[in-house]
1. Would you mind getting the Kirkwood hydrodynamic radius of segment 61-111 from its Cα pairs, rounded to one decimal in Å?
2. For Ser312, what accessible area in Å² do you get when you roll a 1.4 Å probe over the heavy atoms of the protein chains, rounding to the nearest 10?
3. Could you please put Phe202, Phe362, Phe464 in sequence from largest to smallest accessible area, using a 1.4 Å probe?
4. If you find the alpha carbon centre of segment 23-67 and of segment 120-176, how far apart are they in angstrom?
5. For segment 409-472, what class follows from the C-alpha gyration tensor (a ≥ b ≥ c being the square roots of its eigenvalues): rounded when a/c is under 1.5, otherwise prolate if a/b is larger than b/c, else oblate?
6. If you take the Cα atoms of segment 65-161, find Rg, then find the Kirkwood Rh from the mean of 1/r over all pairs, what is Rg/Rh?
7. In terms of solvent-accessible area of protein heavy atoms at a 1.4 angstrom probe, what is the ranking of Phe480, Phe308, highest value first?
8. If Glu176, Glu346, Glu146, Glu474 are ordered by their accessible area, calculated over protein heavy atoms with a 1.4 Å probe, which sequence runs from highest to lowest?
Amino acid sequence: MAVPPTQPNRAVAAEPTGLARALRAPSALDVVLGALVAVTLPLAIVALPNTISVVSALLPRDISPIGMMRAHGLALPATVLTVPLAALAVRRRRVAPMLVAGLALLAVADAAGGYADSASLVGVLRVLHGVGAGLVVPATLAAVWERSPFLRALWCAALAVSLLAAQALALWPLDEARSWRVALQPYPMLTGVALVLAAAYFVLRLRDDGAGRLDSARRLDGARGSDDARKPGGGQETGGDRGYGGGREAGGEPGGPARPSAGAPGRGRPLMAVVPSAGIAALALGSTYDWSPGLLLVAATLSVAALFGLASASVSGGADGRASAYTVLVMGVVVLPTAAQVTNVELSGLGGPGLSGLWPAFVIAGVAAVVAAVAVSRLSDAVLPTAAASGMAVVVAGLCTVEVLLPSSAGPVLVLPLVLLAVGAAVALTSALRPSGIGAALFALSLFFPGVLSGFLLGSGVQFLVLRGAGTPEALVDAFVDALHRWALVGGGLVIVVIVLGALLVRRSQTSVSDVPRPSAPDPFPAGSEVPGAPRSGTAGVTEASEEVPGDVFRDGWPSITGTRGAPARGGEPGVDPGAGAEAEMGAEPGRKEGGEPGGPRPGPKPRFEPVPEPGPKPWPRPERTGTMPVVPPPTPSPEDTDGPGRP
């Protein structure tokens, strides 16, 4: 039996799958990126709190403490305005240069902080701090999005821990400070380490891009010579099928973040957050000019409501996308303002254990948050809405422990509320961001920092309202504790509202999916139309064996116009006539052989089907059929069964 010649194929190395892929050692790029996330996120978040009041006694007499507090508080509004723009730019430009640029701004602001001598210069440096942080956070999110799920979980855990420890990290260098300028450069050495890691990431990213281009060229060259590459759906996988970060798309990096086309959905959604972010930043600046507590509470409440309205207007991802935006937003509103008030209340001057007694609780909470986030990253997508609701419920439990257990002079008591807050925030953020696309994740991040600023405004309004009647040091301490408890109630109620909204949205999404009618196959032969191959009215005609008719009229429930009579159907046996089966089902008399016998080919135009020969061997000749039943052809003897030399 002759074997048909085949074209040579070039072997293409397959990617490891399954257990081999899971056990593959992490690359140097992943290791550097993980270290970069662990260092840069806390460094960016720690630049946000306004801590100049702690060292206000060290300020020169010619500098107003109120003016210095306004200047030092410009970092968070600058971050709020930068993040939406950076979220848009990170989808158009490379991630590594933006990451290096953000860290460079932080380093310049730290270095120049030692020479600041006026409130105006402090304001400029704090704006640089805010812009640098606003570039770093979206850039790290986009960088981990194209890597493993573990790095995404690490990013969410690092963000949760940074929110929890930001106030303590900002106050730590000021504990025994001798100069007020320390508040402008809390961790200059850590900034240098982050710059070194960013430079290493930039070099590894360039090398990986070069290797990706070479590998893509080899794969494409090998796919051109393969048979699979010429079939529909076979051959080389494109970057568009892999999604963001999976190969080269138009204008994108090989193996890097793909740049969407002009009409890509969600590309301009971060810009939707610019206007409300600017309004909230203006409210934050205006609140420093002797606003009443009632006016501050009204402005903060309207800010939070506007952000939730903007999250509701996000139509990308449907109900699931809105639930994710709600989750990320409420974590920004609640976690950092709560942790900042807890840290302030537990300082040694107010009867707490002080910063030295807080660090064991922060370390335990950080480890627990990383473990919880990694565990959530291994869950299936079906349980992620439940996991997000569970994470927010854990945050509510942490706020309840703040109400019951704090203040406390013993450091171990703080472990429970801090662990609950860190684990709940990490689980909620990981569950909300993991199933989202990069556009939805960046949009949620654009709402996150305005939520942080709105939470600070709301918490400050509660504090001012309670502190208004405090006239003695003891009454002042009690007022701070009372303000913390009231804020815990406000934050817990807000999280519960988001849990209920998320459950309603998930239920609505499931109901809408179940109500969608399934499309039915249309009738291939509408009423009044002539069925190809069927006899006309009043004519007992049969079709000639060689007449061209649809070979596989119904294929997978849909009409097909390809094939010829006698051609084997897809997946069928040679010699089986699908056209005859169609005639039998429609009541047509099986055709007779050629030769002008009665019931031969009828006159008239042939059907309007152009036969398309299918690949494969030629079909068996159609057997002659007489009467009304088809004749089964006799079995063809195999060459191996015939007598020949060497056979008995």
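The values are calculated or read from the model by the stated rules, or taken from the named source; none is laboratory data. Note that the structure is a prediction, hence the values are computed from the model and not measured. Just the protein is used for accessible areas: all its heavy atoms, side chains included, with ligands, DNA and RNA removed. Shrake-Rupley method; radii C 1.70, N 1.55, O 1.52, S 1.80 Å.
1. Details: mean 1/r = 0.0767 Å⁻¹.
By the Kirkwood definition, the hydrodynamic radius is 13.0 Å.
2. Its accessible surface works out to 50 Å², give or take rounding.
3. The residues order as Phe464, Phe202, Phe362, largest area first.
4. So the two Cα centres are separated by 6 Å.
5. It comes out oblate by the Cα gyration axes.
6. That ratio is 1.05, to two decimals.
7. Working: Phe480 60, Phe308 30 Å².
Correct descending sequence by accessible area is Phe480, Phe308.
8. Values: Glu176 160, Glu346 0, Glu146 25, Glu474 120 Å².
I get Glu176, Glu474, Glu146, Glu346, largest accessible area first.
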